[in-house]
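Accompanying notes for the structure given below.
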Amino acid sequence: MNSGTLDLQQVTTPDAVTPELRHALIDCWIEVTNAGGAAGFPFPPIGADQAGPAVDALVADLDPRTSRFLVASVDGHLVGWLNVRRALHPLTAHWGTVHHVQTRTTVRGRGIGVALMNRLREIAREEMGLEALHLAARGGVGLEDFYGRLGWKEIGRWPDALRLAPGDDRDEVLMLLAPL
């Protein structure tokens, strides 16, 4: 995976998730989490027994109207992914929420996370008809800076909301991308 072409693909239905893709999503989530990544499991190490059911729950909810994966691959190998969701309730149907943004540790710094987020912005605006995206990021690991460089604005914090260990409380940083 040194210099291959980056391919970004949407996955919008459960039947589009092959056993190989499911395995790759799980592997990526385990790798990212066990390397200290803030992708949904706060207490590493994790294994397939934890990541598998979480991936299966996300897959079960895939629907082009309400939940999609965006998957990044290089030379046919998954190198990152994210999930975007939206409610259909008229009060909130105009915005979506981004979850589980992650890239494999071996490809960090190569623009894959940036490519995922930029493509997500296009999909949210052009295909899902969204006007804004929200996300919550773990404070203290540089995520605010990453998202800030992509146009996201911090709109609030829940101080010490995330307790990773005794004496290691982190803010949950609330971010907004609008307009898309």
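The values are calculated or read from the model by the stated rules, or taken from the named source; none is laboratory data. Note that the structure is a prediction, hence the values are computed from the model and not measured. Cβ atoms come from the backbone with ideal geometry, glycine included; neighbour counts cover every protein chain shown. In case anyone asks, the SASA skips ligands and DNA or RNA and just uses the protein heavy atoms, side chains included. Shrake-Rupley method; radii C 1.70, N 1.55, O 1.52, S 1.80 Å.
Of the residues G139, G167, G156, the one that moves most in a GNM of the chain with alpha-carbon contacts below 10 Å is G167. Sorted largest first, the principal axis extents computed over the alpha-carbon atoms of the chain equal 40, 39, 32 Å. Rolling a 1.4 angstrom probe over segment 123-179 with all protein chains present gives an accessible area of which 50% lies on carbon and sulfur atoms. Under a Gaussian network description of the chain, with springs only between Cα atoms under 10 Å, the residue in A132, A60, A72 that fluctuates furthest is A60. A Gaussian network model of the chain, with springs between Cα atoms under 10 Å, assigns the largest mean-square fluctuation among R65, R104, R149 to R149. With contributions of -39500 (n - 2.57) from each DSSP H run of at least four residues, the per-residue ellipticity at 222 nm computed over the chain stands at -8000 deg cm²/dmol. The Cα center of segment 31-93 and the Cα center of segment 108-154 differ in position by 15 Å. Take the Kirkwood radius over Cα pairs of segment 68-124, plug it into Stokes-Einstein at 37 °C and 0.692 mPa s, and you get 270 µm²/s for translational diffusion. Taking the Cα centre of the chain as origin and assigning +1 to Lys and Arg Cβ atoms and -1 to Asp and Glu Cβ atoms, the resulting dipole is close to 340 debye. Probing with 1.4 Å while keeping every protein chain in the model, the per residue accessible area of segment 74-180 equals 51 Å².
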